[in-house]
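Take a look at the structure set out below.
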Amino acid sequence: MTRRAVFTAIAALAFALPLTACAATPEAQTSPPPTESAAPPAEPAVEETPTPEPTAAAEPTCETIIAPSTVTSLSEIGWTHQQREFQIGADVVDGGIQCVWGDYSVASDHVQVYGWAPLDQTASAAAQQTLIAEGWQRAEADGHTYITEDPQFSLQTDEEGFGMTYEFGEGWVALANTKQGLLLINQP
């Protein structure tokens with residue numbers, strides 16, 4: 001090979017080497033800018049995530065309307081429950097539940113009562129009036145209305161003298177065999 005051929009080969013190699021190095025970088029591998037006649041690139045497909053349907057609140061049960069620790073404590077002493085319709089006097093409240101916990105293997109009136117039901121404002125006012133007309137007593141505390149049976153007719157009372165007591169809140173009513181027992185009820 002002649003000097004001139006060697007020099008031409010080296011020059012060609014020197015010129016081609018930077019071009020290959022540029023082609024190897026990611027920036028160099030991008031497509032050329034579109035010309036006016038080129039169509040715009042297609043936009044990537046976007047998957048639409050369906051909006052989840054709202055789920056209805058779980059129906060209250062005798063195991064969910066009271067604290068789990070209370071369920072455990074009652075179960076550990078051998079108590080079970082009987083589920084009933086929630087009632088205010090003779091009136092059944094739709095969507096409610098009343099649970100009577102006790103030892104059903106022996107005859108006894110030693111039980112615990114817990115209940116909860118949804119109740120709108122109009123039905124709440126009517127229920128309160130019915131109970132008061134039947135001799136129950138009204139008490140207000142902590143922004144809630146309590147209607148309790150007359151303590152002289154109560155089988156069991158708490159430290160404050162409350163026996164069977166209804167608690168009326170906004171959109172609901174709860175029931176326990178004492179006002180103190182209302183503290184154990186969860187709002188579904």
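Each reported figure results from applying straightforward, stated rules to the coordinates on display, with no laboratory input. These numbers were taken from a predicted model, which means no experiment stands behind them. Note: ideal-geometry Cβ built from the backbone for every residue, glycine included; neighbour counts use all protein chains shown.
Fewest first, what order do Thr165, Thr130 take by the number of other Cβ atoms within 10 Å?
On the way: Thr165 26, Thr130 15.
Listed from fewest to most nearby Cβ atoms, that is Thr130, Thr165.
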- Hey, what do the phi angles of region 82-88 turn into as Karplus ³J(HN,Hα) couplings, whole Hz, using 6.51/-1.76/1.60 and θ = phi - 60°, x for Gly and Pro? 10, 8, 9, 6, 6, 10, 10
- Provide the per-residue ³J(HN,Hα) series for region 149-155, in order, calculated from phi with Karplus coefficients 6.51, -1.76, 1.60 and θ = phi - 60°, each as a whole number of Hz, with x at glycine and proline positions. 5, 4, x, 6, 10, 7, 6
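Among Glu160, Glu149, which comes first, then next, by fewest other beta-carbon atoms within 10 Å? Walk me through the numbers before you get to the answer.
Details: Glu160 14, Glu149 20.
The most exposed by this proxy come first: Glu160, Glu149.
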- Item | Test item: Cα-centred dipole of region 68-184, Lys/Arg +1 and Asp/Glu -1 on Cβ, debye | 160 debye
- Query: What ranking, highest mean first, results for peptides 77-83, 166-172 when packing means the other Cβ atoms within 10 Å averaged over each residue?
  - Reply: 166-172, 77-83
- Spacing of the two label points (7 Å from each Cα toward its C-beta) at Gln137 and Gln187, in nm: 2.6 nm
- Using only the Cα atoms of region 68-184, build the gyration tensor, take square roots of its eigenvalues as a ≥ b ≥ c, and label the shape rounded, prolate or oblate: rounded if a/c is under 1.5, else prolate if a/b is larger than b/c, else oblate. prolate
